[in-house]
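Following: one structure in structure tokens, then a few remarks.
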Amino acid sequence: MVAELAAGRRPTIIDVAKRAGVSKSLASRALRGDAGVSTSSRDMVLDAAQELGYRPNSAARSLVRGISGLVGVVLNQLDNQHHTGIVQGVQERAKELNARVIIGNGAQNPEELQRQIDTMIELRVDGLVIVSSWVPRQVLERAGSEVPTVVLTHLADPPAEVDTIASDDVYGAQLAVEHLVQAGHQRIAYLSRSASATSQARIDGVVLALEAAGLPCTLLQVDAGDDINLQELRASGVNAVLCNNDLTAAEVIRLAHEQQVQVPGQLAVIGYDNTALARLLYPSLTSIDQPQVNMGRRAVDAIAERTAGRTEALRELYTPQLVVRSSTAQP
């Protein structure tokens, strides 16, 4: 038992091998699940490991074998449900490949994002998934040169050292605006709490769609911490709004309830990301769907491809879809 070991000493693979009555190499192979180990030997090693409370030393193993079995994920913010869906996909695919996932929070701060990326590299992750457009270009270049790196967001000018997987934000915004135009809205606004490259791409889509319809374009940027002025928005004649994400759209709907503005009767609202929040709001929120889980899974495969020798940069766009709910149609 663990008590038989010297006080404070963790059991090693040598202790496991001794307890099971096998060689160290056989014990290692049995614990890794390698082929060629008999069922009886494997059972003896697993029983010994459990009795001793043995845990593999991942750090030491990574030094010997050149891999850590870890995929690092650095998020722009933890409370973003779009990011949560991506992490789900990363974890699903990593588990299928017998890898583990560790997560770092960049807290919407470029310096903290850089610190989290540096930490992941120091931990010898086999690959890095970055869900933020706020990471400085030189940091991405350095990270991509040290470890397979995938950025899961829109970048205006991605460096060749990293792969990018994103949703087609220009097309997604066009879908939203075209839906509002077809519903008869003449004054449509884009409301954002972000100045990221992703939001800029959506602005491009809004402008293209409104120009094609011959309608005026209203762009509203609200800084973090500032309140959305719904009264001013409506006074300008706007009767439909596309928000940069579902969370911003939820804020608009809350203000509409407070000010007795009927949604969608007096103000149609569309979100972006199609998170669980969109289904929970009243009225339920029309939103642009991004396949977050699939994007997360694809990122892990992209890391595996880089590890296997791919050198050309991946530039992959997923096609978003419009999910129509009650916030743009009479309930």
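So, counting K/R as plus one and D/E as minus one, what does the shell of residues with Cβ under 15 Å around V147 add up to?
Net of charged neighbours comes to -4.
Calculate the dipole size of the range 2-56 relative to its Cα centre from +1 charges on Lys and Arg beta carbons and -1 charges on Asp and Glu beta carbons; express the result in debye to the nearest 20.
The dipole of the range 2-56 has a size of about 220 debye.
Pick from G144, G265, G104: which residue has the top mean-square fluctuation in a GNM of the chain where Cα pairs under 10 Å get a spring?
Most flexible of the set in this elastic network: G265.
At 0.692 mPa s and 37 °C, plugging the Kirkwood radius over alpha-carbon pairs of the chain into Stokes-Einstein gives what diffusion coefficient in µm²/s?
Here the translational diffusion coefficient equals 146 µm²/s.
Size of the dipole of the chain about the Cα centre, Lys and Arg at +1 and Asp and Glu at -1 on the beta carbon, nothing else charged, in debye to 20?
The calculation lands at about 1320 debye.
For L317 and D79 in one chain, what is 0.36 nm times their gap in residues minus the Cα-Cα distance, to one decimal in nm?
Value of the extension gain: 83.3 nm.
Once the mean 1/r over all distinct Cα pairs of the range 2-56 is inverted, what Kirkwood radius in angstroms do you read off?
Evaluated over the range 2-56, this radius sits at 11.0 Å.
Return the distance in nm (one decimal) between the two label points of a simple spin-label model at Q200 and E141, each offset 7 Å from Cα along Cα→Cβ.
Between Q200 and E141, the simple spin-label model gives 1.8 nm.
Quick one: if the Förster radius is 22 Å, what FRET efficiency do D157 and L208 give, using the C-beta to C-beta distance and rounding to 0.05?
0.65
Can you tell which of D227, D289, D43 shows the greatest fluctuation in a Gaussian network model of the chain with Cα springs below 10 Å?
D43
Given the options G296, G237, G271, which has the most mean-square fluctuation in a GNM of the chain, springs set between C-alpha atoms less than 10 angstrom apart?
G237
Values in this text are rule-based calculations from the coordinates and carry no lab data. Small disclaimer: the values here were computed from a predicted structure and weren't measured. Don't worry about glycine lacking a Cβ; one is built from the backbone with ideal geometry, like all the others, and counts go over all protein chains shown.
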